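Enquirer: One structure coming up, written as structure tokens, with questions to follow.
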Amino acid sequence: MMMETIIKAEKEIIRRAAQIEENAMEFMASKGYIQPIKFSPEDAKWYIESAYKGAWEYQQKRFPDVTPKLKDLLTKK
């Protein structure tokens, strides 16, 4: 019962955090604090892949023993 409650709570927390972030982005854009940009599909793919690569390299330096296992579990094949 405890695990079920934690799982439900985490899902709700994630949903609420995403909504808060979306509202904050809309607010900042409406006030002119940020200007959204639209990448071409090729540039978007490159950007995401570069960000993931950098994040995995950083984690590998910090946690060399577990990062390869974690990467294997969390990345699509």
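Results for (1) at pLDDT below 95; (2) of a type in the set (D, E, K, R); (3) touching a Gly at 6+ places or on another chain (Cβ under 9 Å), shown as yes or no for each residue.
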{"site": "I14", "(1), (2), (3)": "no, no, no"}
{"site": "A18", "(1), (2), (3)": "no, no, no"}
{"site": "F39", "(1), (2), (3)": "no, no, no"}
{"site": "K61", "(1), (2), (3)": "no, yes, no"}
{"site": "T67", "(1), (2), (3)": "no, no, no"}
{"site": "L74", "(1), (2), (3)": "yes, no, no"}
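Enquirer: While we're on this one: Restricting to segment 1-31, give me the number of residues that are of a type in the set (V, I, T) and open to solvent by 100 Å² or more (accessible area, probe 1.4 Å).
Expert: Residues that pass the stated criteria total 3.
Enquirer: Which members of segment 48-67 meet the condition of being part of a helix (DSSP H, G or I) and open to solvent by 100 Å² or more (accessible area, probe 1.4 Å)?
Expert: Y52, K53, Y58, K61, R62
Enquirer: Determine the pairs where a residue that is of a type outside the set (K, R), located within segment 15-33, has a partner that is surrounded by 10 or more Cβ atoms within 10 Å (Cβ to Cβ) with Cβ atoms under 8 Å apart, the partner being 6 or more residues away or on another chain.
Expert: Close Cβ pairs (under 8 Å, with a partner that is surrounded by 10 or more Cβ atoms within 10 Å (Cβ to Cβ)) amount to M25/I34; M28/I34.
Enquirer: Specify the residue that is most open to solvent (accessible area, probe 1.4 Å); the eligible residues are those in segment 32-47 that are of a type in the set (S, T, Y) and not in a helix (DSSP H, G or I).
Expert: Y33
The values are calculated or read from the model by the stated rules, or taken from the named source; none is laboratory data. As the structure is a computational prediction, the values presented were derived from the model and not from experiment. As a convention, Cβ positions derive from the backbone with ideal geometry for all residues, glycine included, and neighbour counts pool all protein chains shown. All accessible areas refer to the heavy atoms of the entire protein, side chains included, with ligands and DNA or RNA removed. Shrake-Rupley method; radii C 1.70, N 1.55, O 1.52, S 1.80 Å.
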